[in-house]
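Since the structure comes first, as structure tokens, the remarks are kept for the end.
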Amino acid sequence: LIAGDGELRPTIFAEMSALAAHTGAINLGQGFPDDNAPADVLEAAREAIAAGLNQYPPGLGMPDLRAAIAEHQAHFYDLEVDPDTEVLVTAGATEALAATILALTQPGDRVVVFEPFYDAYGAVAALADTEFVTVPLRAPDFAPDLDALRDAVTDSTRLIIVNTPHNPTGAVFSDEVLTLIVELAHHHDAIIVTDEVYEHLTFGVPHRPVATLAGASDRTVSISSAGKTFSVTGWKIGWITARPELLRAITAVKQYLTYVNGGPFQPAVATGLRLPDSYFVGAAQSLESRCRLLSAGLEAAGFGVLSPRAGYFVIADAAPLGITDADTFCRELPARAGVAAVPVTAFVREGNRDQFRSLVRFAFCKQEGVLRTASERLAELR
Ligand code: PMP
Ligand code: GLN
């Protein structure tokens, strides 16, 4: 394994954000919002800093944030978790994923993911020297191929990583798919790791945490983060809920990755998690309307739009514009049209890329005016 190469090459997000900055393009590549967090959340962070909460927080995270995470799981999903033994605060979902994979696998264990997949899964699976096996999601709805899933999960499978709502496709996995995942995990004694960072950003469909399925909670490590829900991607406050045995193993690794993180942001995220339901509903509705705005712009510009059901991103097929290589297209797009986007092949391993070659991921977590300008610029492509 050579750092800087293969699974550890520079991330597509850093690369495209640098290109956007260099060319002055509108950055619809990396997924981060351009609106600010709710005022109460920002105020809570300011207060925490002023009150001197600027030293190391406790290893598992501040008790009040752990309590707020447990309350959130009970309130939204009827899931009971013990804030003292079943909740760990992490440096974003990214550290949660890394600590989980490093803690729960041995070299050579199989890790199953759905492809396209968020890049960190492949990178950390490689650092942990595991066998990384992908199950394809197929356009237009990006539901997994169930036979491929059954074939992928074997007795050597240690982890099945489930990202729903899904980045980059915006798919929300059906109960049928989730039920099969739980069955396979039982049958092969695997652990399910869920990445639910877009849990509150679904468009008219409910989010179903895997841990709520019958028989799932004992073998599921649930991961989420404040970044997307509260528009604070730079704060890097994430969390894990899992049974105490699993959580202890993951905590043992986390303490040597960052030890602890985000002191004054922890109480602020606790404030966010306790906001009234209307906040969460409003955030999803606002994002859905911006999704519709950019989707309409992409259609008018000649792309084929694959409508997402959640998240920050819409996938557009550039084939109707005569583009067969979205990778090259995305590298040229900032200079050509003043818009940056990310090719879907960046989320797919070499060898599996054929069905994704002409697909481009655009972020719509931006102000309406920005999306309108981006749409006008893209319309010039034709
Ligand atoms: N998982 C997915 C699917 C993501 O899109 C992201 C990016 N926000 C992350 C994990 C990382 O989350 P965080 O910023 O909380 O580390
Ligand atoms: N999750 C964000 C995306 O998919 C960015 C994360 C990152 O920059 N690593 O665009």
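The values are calculated or read from the model by the stated rules, or taken from the named source; none is laboratory data. Because the structure is predicted, anything quoted here is derived from the model rather than measured. When we count neighbours, we look across all protein chains shown, and the Cβ atoms used for this are built from the backbone with ideal geometry, even at glycine.
A few notes on this one:
- Checked against the criterion of being away from ligand 1 (no atom under 15 Å from the Cβ) and among the charged types (D, E, K, R), the range 67-74 has at least one qualifying residue.
- Considered as a group, the residues in the range 3-38 that are closer than 21 Å to residue 373 by Cβ and among the β-branched types (Val, Ile, Thr) include one that is farthest from ligand 1 (Cβ to nearest atom), and that residue is 23.
- Residue selected from the range 157-187 under the condition closer than 16 Å to residue 100 by Cβ and polar (S, T, N, Q), by the criterion farthest from ligand 1 (Cβ to nearest atom): 157
- Picking from residues in the range 151-180 that are more than 25 Å from residue 346 (Cβ to Cβ) and crowded, with 20+ Cβ neighbours inside 10 Å, the one that is nearest to the chain's Cα centre (by Cα) is 178.
- Checking the stated criteria, residue 105 turns out not to satisfy the condition of being surrounded by 20 or more Cβ atoms within 10 Å (Cβ to Cβ), of a type outside the set (A, V, I, L, M) and touching a residue at least 60 places away in the same chain (Cβ under 8 Å).
- Some residue of the range 347-355 being closer than 12 Å to residue 19 by Cβ and either within 16 Å of ligand 1 (Cβ to nearest atom) or of a type in the set (Phe, Trp, Tyr) (or both): no
- Considering 269, 232, 260, the condition of being under 20 Å from residue 99 (Cα atoms), of a type in the set (Val, Ile, Thr) and either out of contact with any helix residue (DSSP H, G or I) (no Cβ under 6 Å at 6 or more places or on another chain) or assigned by TED's automatic domain parsing to the domain that holds residue 198 (or both) is satisfied by 260 alone.
- Residues located in the range 333-363, provided they are free of Cβ contacts under 8 Å to residues at least 24 places away in the same chain and among the hydroxyl-bearing types (Ser, Thr, Tyr): 345
- Qualifying residue in the range 166-174 (condition: over 30 Å from residue 14 (Cβ atoms) and of a type outside the set (Lys, Arg)): yes
- Any hit, the range 168-186, residues being within 30 Å of residue 46 (Cα to Cα), outside any strand (DSSP E or B) and within 16 Å of ligand 2 (Cβ to nearest atom): no
- Contacts under 8 angstrom Cβ, first residue in the range 23-35 being touching a residue at least 40 places away in the same chain (Cβ under 8 Å), partner among the aromatic types (Phe, Trp, Tyr) and more than 10 Å from ligand 2 (Cβ to nearest atom), 6 or more apart: 28/362; 28/364
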